[in-house]
Each structure stands twice: as structure tokens, then as C-alpha cells.
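Below: one structure, written as C-alpha cells.
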Amino acid sequence: MSLRYLGKKVLWAFLTLFFVLSVNFFLFRVMPGDPVALLARSQRLTPEAIEQQRALFGLDQPLFQQYLTYLGQTARFEFGSDLISGQPVWGQITARIWPTVLLVGVGTTLAVVLGVLGGIKAGWKRGSRFDRNSTYGSLVLYATPEGWLGMLLLIVFAGSLGWFPSGGYASPNAEGFERVTDIANHLVLPALTLALAYIGQFLLVMRSSLLDVKDEEYVDVARAKGLADLQVRRKHAVPNAILPTYTLTVLSFGFVLGGAIVVEAIFSWPGLGLLTYEAIEQQNYPVLQAVFLIASFSVIVANLIADITYTYLDPRIEEV
Amino acid sequence: MATASSAADVVTVSPRRLAWQRRRRSLATNWHIFRHNKQATVGLMILLLAGLVAVISPFVVPESDLDPATATGTPNSPPSPGYPLGTDNFGRSVLDLLIAGTRVSLLVGITATIGAVFIGAVIGLVSGFYGGTKIDLVLNALTDWFLVIPWLVLAIAMASILGPTLWNIIAVIAVTSWATTARLVRAQTLSVRSLSYIERARVLGASDWTLMTRHILPNVWPVIFANTVLTVSIAILSETTLAILGLGSADAISWGRIIEEAFNAGAMTNGYWWWMIPPGIAIVLVCLAFSMCGHALDEILNPKLRRG
């Protein structure tokens, strides 16, 4: 990989991040009113208190000055204080990040593995019964709101059958190994919801890229050499068809947070998604602002990783 | 002699008329292909039914039946002859809610899509037409940014700042979902722009505006149209997600809103399945129908996609 390509991609990531920061600043500060106006909307404040708050937020400064201050604070991970509890926002974020990583990690991995295997099977035998059923199934899952899907799983597996707990992260008194199985038990339904919600896109992408390479000459050559069907598939067709799925996988890990908000809200899973949900209800803007920044940051990083690793997997890309 | 008479025929038929004849013919062919596509036909029937329900809903369901204060049923009762889908916790008929929700959900889905496709088409067309220039660079960067940004988080931020009215929700969905259209339209514009008839029109003195609207747009239009139909299901799902998170419009009952109310009233733990399940099924059916029609249109309008 050339340094020039790497430099270009890194520069692009920085520019995007800078743009995100700017939007984040203007969206919350300029559009409907500043944080103090928003605060005053939910609580009754005296004019003096409003002035005091304005000075505290630096809102008496010129806009450009405020913007610079904001950039500096963000670089030092100072996201201000929660409007409700008064606690620093950054502390809340770090406390909630691991449950989300666990949930989305397990859910996405499940979706990728099942989706890729299903897509290979479907694409290789195009028009077979499995192909038709899995394609229709993917379209149906794609049209299903994930929140509603989660509620259905809740009704059936937590309500009627009572196999799994209906929400939360862990029971309060479990310790040691018992705690691990307890968390796993709580994890099943939310992770399954995420996996079902995303499996369709992996299946369809894998299927269509396999269809693209299936009729290539090198696949015919491999067949003509007398290789078994499975060998042709595994050694010649799949490796050449896996790239789009690979990119999609890396990008979906970047969407960690965005994907988890609804599912965490339904299952009261105490991650960043639930934090976002609570912040919406309480109109807790500093938290929303920080969440927006972190969500965008992870997507930008995932994009960068996808771009860079892609050139190792397919060196032709760089020339484009 | 034969050549002379056919030349005379051509003169009697005006170019405009010729163009319309051609359009009618291709419309007939396309309709034929569409009708013989089983998925597309099923999809279209579902959509026609949903459209009909949406149109007649104000006449079938009086406003008073949707008002928690004047609802007549016993709260949370399972389906019965009088209330085929049971009632919610205010005693409103779930079937009535579902019928009223059809109107709102379709309205949000279609209006937001029109907005998104309009923004996307304009940006994609301008960006592609001026491909390689600074305008393209800026618009393309903007599109890229909206493609990578986690839309739900941006939508949440915007919706909670703007406030939950129906038109705000529509605006939020439109603003967060135009980027895919812009990308497609730009690519198509770039490839059309290099064709020689554009060069010819330019040499004849056509302005940029004429070139874009009269020469390029008609060739990009099929891509826009197929994409529009596909975008509607995304818009309906987006509205559902926002509604489930409590950011739905406070002044209108959509399918997503029914699900949210059911969830908040503990429909799952109390086993009020008749309240929670029907709106979800309605969403799945309508979104599926839009996707099926959209894929069929995509295949008809972009012949390159047709596989042997």
C-alpha cells in the first residue's frame, strides 16, 4: 500500500470527523436555541439564573470563540455535565460502553456467520428451494422493525415459555462463574434480535457476489481440472466473492451504537443505547451530543479500517 | 418511390407525437413484464389495498373513536365480535387504530420519501453534471458524510431538538435518508453526461439548465423512480423506529406509535398480543410490498440487471 493512499484516507477520516464535530456543535447550539434555552424550557429559571447559566456555558462569548472552546473541550474528553444528575457525561459513557460492545459483538458475529454460510449455500445452488426460502426470509426480516421483532421474542421466549429473563444485564446476587452464565442468559434474546435483524443483508450480499463470480472463467477452469464441487466453491469461488461481505462486516461493527439503541431500550440492556433512550426521554442534550459524537467516531474509524485493509485483500483497489 | 413515401410519412408525424407513441409502447411493454412478475403483482395488490384503507379511513373511523376520552370499549379486552382485534388500555378498538395508522404511516413514508428523493436527485444531478469540479467535490463529500453518519443517532438528535410533530418527523427522515439516492443519481449522471448527444446539444448552445433538465434528467429518471419505491419502506421503518423510541409525532397515530403505546402499557408482560402484533404485521406487509415492487421496477427500468 502506498503512503499516498494511506495519507489520503487518513486525511479524509480527519476531515469527516471535523465535519461531525462542527455539525454536533451547531446542531445543538444554534438550531433551536442554546443549551440554556433548552434548560429553561424544562425548568423555570429566573432571568438572573439564566444569565448565570449562559456565562457558565460560555454563551456570552462570540460564536466562533465558543466553537474553538468546544473543540478544545472535546479533544480533552470534556463533554460537560448531565442536565439531570450533574455527573460528567464522559464518566457515564465509559461506564456503559462494555455492555454495548458485548451485545453488538455477539449479535453481529452471529449475523455474519449465519448470513455468510446461508448466502454461500443459496448462491451456489441458485433457484434451489433453500435459495428461494432464504431469499424470501431475508426480505421479510429486512422489512421487519427490529424493535417489534424484539417484542415478539420477548412475548414468546420470556413471557409464554419463560426460558429467558425479560430484560436487564445480570441478576444482582450472582457471582463468579454463575455471573457469567447469568449474563449469557440475559444476552440471548437481545443478541438474537440483533442477529435476526441483520442476517438478511449479509445473506443477500454474499449470495449476489457469489452469483457474480460463479460464471467466471477461472471457476470453469477449476471445474474442468476435475475438482469436486465443494472444492471449487471453497477454494476458487468464495475467496473471490467474500470482499463485499467483508466490507459490510467491518462497517456494521462501526454502526455498533446505532444498531443497539432500539434493542437495548426494549430489553433494558444497560449500554450506550439505553443511555441514549433515557437521554431522549429526559431531554438530556449533553448526553445526546456525546453519544452522537461517539457513534460517528466509531463509524469513521470502521470506514478507515475497511479502506486500509481492503487494499491488502484486493490490491487492485488502490489504482482506482 | 418507396423511400419517398416513407419520408412523406415521417414528415406528417410530428416528433412530439412520435415520442409519445414510443412512450406508450414502452409503457405497455413494461406493464406486461411487471404483471408477469409474481412478486410485483402481489406487492402491488397489497399496496393498492393499503392505499384504499388509507383513503377511506377518515370515513370508516370517526375521530371520537380514536380519542381516549370518548372510546367505548372495555379496556384491554381480547378480540370479540364487536372488536375484531380487541381493545387497547383506553378501550379503543385496535382495528380502528390500525386503520387510522395506515393513513399516517403511508403519509409519513411517502412524503418523507418524496423529500429524500428530491434532495438526493438534485444533489446527485448537480454533482454528477459538474463531475470533477469543486462543486462536485463539495456535494460528493456531503453525500459521503451522510452515508457514513449513523442516521438513527442524527435523527434522534434532530427529532428531540425540533420536537415531535408529524412534519418534523417527516423532515428528519427526509434529511437523513437522501444520500443513497444522490449516490445512484450521480453515478448515472456521470455516465449519461459523456454520451455524444449531450455534446451535440451543448454545441448547439443548450444551457447547463437545459442540458440537466431536458437531456440528462429523462435518462436518469428510471433510476430515481425505482429507487423512490425502495426508499418508502426504509422511511416507514425509520418512522417506526423513531416512534418506538418515543419520538413519534404526538398528534397522529401511526403503526409505530401503536406499538410504542402497547409496549409502554406492558402489552408483552400482560399478554395483550392483539394490541401489539397487528401493527407490526401491517408494517412488514407494506414494507415488503414496496420492496417487491421496487425490485421489479429496478429490473424493468435497468435492463442491465436482468439476468438470463
Can you tell me which condition B:G248 does not meet? The list is (1) surrounded by 21 or more Cβ atoms within 10 Å (Cβ to Cβ); (2) small (G, A, S); (3) part of a helix (DSSP H, G or I), and all the others hold. (3)
Conditions: (1) of a type in the set (S, T, Y); (2) surrounded by 22 or more Cβ atoms within 10 Å (Cβ to Cβ); (3) more than 30 Å from A:L274 (Cβ to Cβ). B:T176 meets all but one. Number of the miss? (3)
The one condition A:Q283 fails out of (1) within 14 Å of chain B (Cβ to nearest Cβ); (2) touching a Phe, Trp or Tyr at 6+ places or on another chain (Cβ under 7 Å); (3) within 24 Å of A:G147 (Cβ to Cβ); (4) not basic (K, R) is (2)
Please go through segment A:104-128 and give me each residue that is surrounded by fewer than 16 Cβ atoms within 10 Å (Cβ to Cβ) and more than 28 Å from A:F267 (Cβ to Cβ), ordered by number. A:K125, A:R126, A:G127, A:S128
Within segment A:146-188, can you find the residues that are modelled with pLDDT under 80 and under 16 Å from A:V262 (Cα atoms)? A:S166, A:G167, A:G168, A:Y169
Could you give me the residue pairs with C-beta distances under 7 Å whose first residue belongs to segment A:4-33 and is of a type in the set (K, R), whose second residue is surrounded by 12 or more Cβ atoms within 10 Å (Cβ to Cβ) and at pLDDT 80 or above wherever it lies, and which are 6+ apart or on separate chains? A:K9/A:L304; A:K9/A:D307; A:K9/A:I308
Pairs where the first residue, in segment B:263-280, is over 13 Å from B:L97 (Cβ atoms) and more than 9 Å from every other protein chain (Cβ to nearest Cβ) and the second is among the β-branched types (V, I, T) and crowded, with 19+ Cβ neighbours inside 10 Å, C-beta under 8 Å, 6+ apart: none
Hits in segment A:120-146 - residues which are farther than 21 Å from A:A237 by Cα and of a type in the set (D, E): A:E146
Identity of the residue in segment B:132-167, more than 13 Å from every other protein chain (Cβ to nearest Cβ) and crowded, with 16+ Cβ neighbours inside 10 Å, that ends up nearest to B:R103 (Cα to Cα): B:L166
Can you tell me which condition B:I253 does not meet? The list is (1) among the hydrophobic types (A, V, I, L, M, F, W, C); (2) buried (at least 22 other Cβ atoms within 10 Å of the Cβ); (3) at pLDDT below 85; (4) part of a loop (DSSP other than H, G, I, E, B), and all the others hold. (3)
Inspect all residues belonging to segment A:90-103 and state whether any of them is at pLDDT below 70, buried (at least 17 other Cβ atoms within 10 Å of the Cβ) and either in contact with a Pro (Cβ under 8 Å, 6 or more places away or on another chain) or not in a helix (DSSP H, G or I) (or both). no
Listed by range, helices (runs of 4 or more DSSP H) wholly within segment A:139-252 having at least 1 residues that are away from chain B (no Cβ under 11 Å), touching a Gly at 6+ places or on another chain (Cβ under 7 Å) and more than 30 Å from B:G43 (Cα to Cα) are A:176-214
With the checklist (1) crowded, with 20+ Cβ neighbours inside 10 Å; (2) at pLDDT 80 or above; (3) more than 18 Å from the chain's Cα centre (by Cα) in hand, flag the one item A:N284 doesn't pass. (2)
For B:T240, all conditions in the list (1) part of a helix (DSSP H, G or I); (2) out of contact with any Pro (no Cβ under 6 Å at 6 or more places or on another chain) hold save one; what is the number of the exception? (2)
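The values are calculated or read from the model by the stated rules, or taken from the named source; none is laboratory data. Small disclaimer: the values here were computed from a predicted structure and weren't measured. Reconstructed Cβ throughout: ideal geometry from the backbone, glycine too, with neighbour counts over all protein chains shown.
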